[in-house]
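To start, the structure itself, in structure tokens.
The values are calculated or read from the model by the stated rules, or taken from the named source; none is laboratory data. Note that the structure is a prediction, hence the values are computed from the model and not measured. Virtual Cβ from ideal backbone geometry, glycine too; neighbours counted across all protein chains shown. Quick note on the areas: whole protein, heavy atoms, side chains included, nothing else; ligands and nucleic acids left out. Shrake-Rupley method; radii C 1.70, N 1.55, O 1.52, S 1.80 Å.
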Amino acid sequence: MGKSVELESNGKLQTLGKFIAQQITESSCHRITFAQFMEWALYHPQWGYYAAAPTKIGATGDFATSPHLGADFGELLAEQLIEMGQGFEPTQPLTLVEMGAGQGLLAKDILTYWGDRAADLLARTEYWIVERSPALVQEQRQQLHALMQAGVSVRWCTLEELPDRAIAGCVFSNELVDALPVHQVIRQGDTLQEIYVTLNPQAPPAAPEFVETVGDLSTPRLAEYLAQLDIDLTSDRYPEGYRTEINLAAGDWLATVAQKLDRGYVITIDYGYPGDRYYHPLRTEGTLQCYYRHRHHSNPYLYIGEQDITAHVNFTALEHYGAKAGLQTVGFTKQGLFLMALGLGDRLVRLSQSDATDRATIQTVLQRRDALQSLINPMGLGNFGVLIQQKGMDGAVSLLGLQGEQ
């Protein structure tokens, strides 16, 4: 059923594809969950998509993120982090933890801005980067080299290496959760089944072909996830063949983050929906998307290891699992509103008042204005969700970035 692809014969694609095919062959049921397939396709340490991702992110790669549009996104986020940092005792060390820092652009913009506007905070702050990709760590080190030479404290680690309750400050991520591996499920009759990846038995061993099959749920956690969100995909509201995703990894990730946080905030910025919109009956094919050279499609079995695979974030689930782990939701808003509340509108006004007359400067002003508009475009980046949760902060929390909260 569903999508399939014969492995192509060029280098990395063939190597990773053959590795996954071998794992399927050696598995007890000769199949793997889609979540396992996605994990290997993105994060295999040698051949996964993010194993050599610096060449794939940005204007010339497969996709671009908000920091690629200039320093404004990082500077405005830095304003929110300054406000958060000022809620701690002036002598208390602070920790900023960026989860999945890409090429290091956001870290560079935040730390540079703090150096100019909040040097006192920066002097008592450690900036930790949690990154799985060795190639991206190398890129981040290059981006941040000058800042580190100037004495800014930047460290790298895995999430597991952070001691429990070690963080007093903020853990934040931009477009991280959408790339966590998801399970795929489908309604068949009155039951919910899981989609697995297997091999076409008719294909020759030298040219294996991935195909999908369905079976019972691989873990009861999938049904528990939906039940806890009061979603019944077998009800009459949902049509036969309704297909969607369940992101168990996001809940596990957030629980671990909460365990590492002693006091402070968690900011999650990503594209996604509240639970009722995520599992809307008309969203019959789910949200899974693949990105290859700035084009998107829905077949994850093409360009294996050479394309990004993502699924939208269920923000209701993040709030639910955060609450179970001891995180309180401070607020949820859209990126456009968040950035406007932090001063993006003032930046646009200043650009409109530019008295530049030379062609090069005018072109620069226009390009920056376009970038700022892109950050708040309600049909694009401006529609991203911004979820802020907190732990251990005394009293009612009111944050500048949530002043335009929906």
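Miscellaneous remarks
- Checking GLN149, GLN193 one by one, the residue that is open to solvent by less than 60 Å² (accessible area, probe 1.4 Å), modelled with pLDDT of 95 or more and not aliphatic (A, V, I, L, M) is GLN193 and no other.
- Residue within region 95-116 that is within 23 Å of LYS391 (Cβ to Cβ), charged (D, E, K, R), surrounded by fewer than 20 Cβ atoms within 10 Å (Cβ to Cβ) and modelled with pLDDT of 95 or more present: no
- Top-ranked residue of region 254-292 - restricted to ones that are among the aromatic types (Phe, Trp, Tyr) and within 20 Å of ALA227 (Cα to Cα), ranked as nearest to the chain's Cα centre (by Cα): TYR273
- Condition broken by PRO205, with the remaining ones in (1) surrounded by 14 or more Cβ atoms within 10 Å (Cβ to Cβ); (2) in a loop (DSSP other than H, G, I, E, B) satisfied: (1)
- Of all residues in region 221-253 being within 22 Å of GLY385 (Cβ to Cβ) and outside any helix (DSSP H, G or I), the one that is most open to solvent (accessible area, probe 1.4 Å): ASP230
- A single member of LEU144, LEU136, LEU180 is among the hydrophobic types (A, V, I, L, M, F, W, C), open to solvent by less than 50 Å² (accessible area, probe 1.4 Å), within 25 Å of GLU39 (Cα to Cα) and at pLDDT 95 or above, and it is LEU180.
- Looking across region 231-250 at every residue that is touching a helix residue (DSSP H, G or I) at 6+ places or on another chain (Cβ under 8 Å) and touching a residue at least 40 places away in the same chain (Cβ under 8 Å), the one that is farthest from ASP270 (Cα to Cα) is identified as LEU233.
- Counting only helices (runs of 4 or more DSSP H) that fall entirely inside region 297-406 and contain at least 3 residues that are open to solvent by 50 Å² or more (accessible area, probe 1.4 Å), the qualifying elements are 315-324, 344-352, 359-376.
- Restricting region 254-292 to residues that are in a helix (DSSP H, G or I) and out of contact with any strand residue (DSSP E or B) (no Cβ under 7 Å at 6 or more places or on another chain), the residue that is surrounded by the most Cβ atoms within 10 Å (Cβ to Cβ): LEU254
- Residues of region 152-174 satisfying the condition of being within 24 Å of LEU42 (Cα to Cα) and buried (at least 22 other Cβ atoms within 10 Å of the Cβ): VAL171, PHE172, ASN174
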